[in-house]
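Below is one structure, written out as structure tokens; the observations come after it.
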Amino acid sequence: MANWFAEMEEKQAEARLVFGRMLRLWRERNGWTQYTVADWGKEAGFPAISYGNLSAIEQGKAGELRRPAFFQIAEASQRLHESRYGTIRNKELRDKIKAGRPLLGNDGKPWGPQELWACYVGLQGVPEAYKVQPKPEAPALSAKEARELSSRWRESVGQAIDAHELDSFQALQAIARLAPLAHRKQLRKVLTSFGDYSPADLRELWDGDWLPQQWIQTWQSGLSGSTETAEPEQSQPINPSTLAPSS
């Protein structure tokens, strides 16, 4: 019985990762940030998935996802399918929404809450159009390279805080909330200079690119306001090959 439960938990965890990658691929193909749908819902007046919830889902870290999330995702996709955009005053946001495409199943119809839920729990596979190749393995880092990455992330956050004249504590809390609960303490520790990520830590934080980098960039993308009136300058993803060689 214990083995059966362990197998079920493992399958569910894998299904959540696959589902999250599907949503991320859909969003990226539409040219959207994690804020876009939330901003759309706020402008047009319909319940939309929050950027924090979307971030956790995309990373496969949302756990037992509540029912409203599936309805919110389905609502956005159905609106795209029907060209039912609502009133969007911000021109840049409106252009991004109108350029988006719905999340369609293999039959060419937009997925509703039922299909989304079935995929999330592993009862239904993702549509062929959203199947992605396995992510490459995390780069092997030395302790020196891991410290260098930690330092660069601190500098990036510090520069953004100074440029926007933000309260440091509130800014770090906002970044931490974008990470799953299990990773928040370590993230705050790194960003407040009380420690650095180790190579082992970073192996757990790789999803084709570094998750701390994603969290920081998501936070930076919202610094200019709740709507996407302008895209803030973001730090470039850090490539381990650009780091100084280990001694």
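Structure values in brief
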| quantity | calculated |
| --- | --- |
| Spatial separation of Cα centroids for the stretch 114-190 and the stretch 23-66, in angstrom | 15 Å |
| The chain: most fluctuating residue of H183, H164, H81 per GNM, C-alpha cutoff 10 Å | H164 |
| Along each principal axis, Cα extent of the stretch 2-130, largest first, Å | 54, 30, 21 |
| Cα pair distances in the stretch 1-60, grouped into 5 Å bins until the bin that holds the longest one, percent each | 4, 18, 20, 19, 14, 9, 7, 5, 3, 1 |
| Reciprocal mean inverse distance between Cα atoms of the chain - Kirkwood radius, Å | 19.4 Å |
| Cβ-based charge dipole, the chain, positive-most Cα from Q72, I57, P180 | Q72 |
| Residue among T36, L202, H81 farthest towards the positive dipole end of the chain, charges placed on Cβ | H81 |
| Residue-count net charge about I216 - beta-carbon cut-off 12 Å; Lys, Arg +1, Asp, Glu -1 | 0 |
| Which of R203, R27, R16, R66 has the fewest Cβ neighbours within 10 Å, and the rest in rising order | R66, R203, R27, R16 |
| Listed residues Q12, L104, L116: farthest to the positive end of the dipole of the stretch 2-130 (Cβ charges) | L104 |
| Dipole magnitude (debye, nearest 20) for the stretch 79-226, charges at Cβ of Lys, Arg, Asp, Glu | 420 debye |
| Percentage relative contact order, the chain, counting C-alpha pairs under 8 Å, at least six apart | 22 percent |
| Residues V126, V18 arranged by fewest to most Cβ contacts within 10 Å | V18, V126 |
| Dipole magnitude of the chain, debye to nearest 20 (Cβ charges: Lys/Arg +1, Asp/Glu -1, about Cα centre) | 420 debye |
| Only Lys, Arg (+1) and Asp, Glu (-1) charged, at Cβ; the stretch 74-163 dipole about Cα centre in debye | 300 debye |
| Among the listed pairs K42/K91; K61/K109; K42/K96; K42/K131; K11/K131, those beyond 19 Å (Cα-Cα) | K61/K109; K42/K131 |
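FYI, it's all coordinate maths here, none of it is from the lab. Computed from a predicted structure; not experimentally measured. Cβ sites come from the backbone with ideal geometry, for glycine too, and all protein chains shown count toward neighbours.
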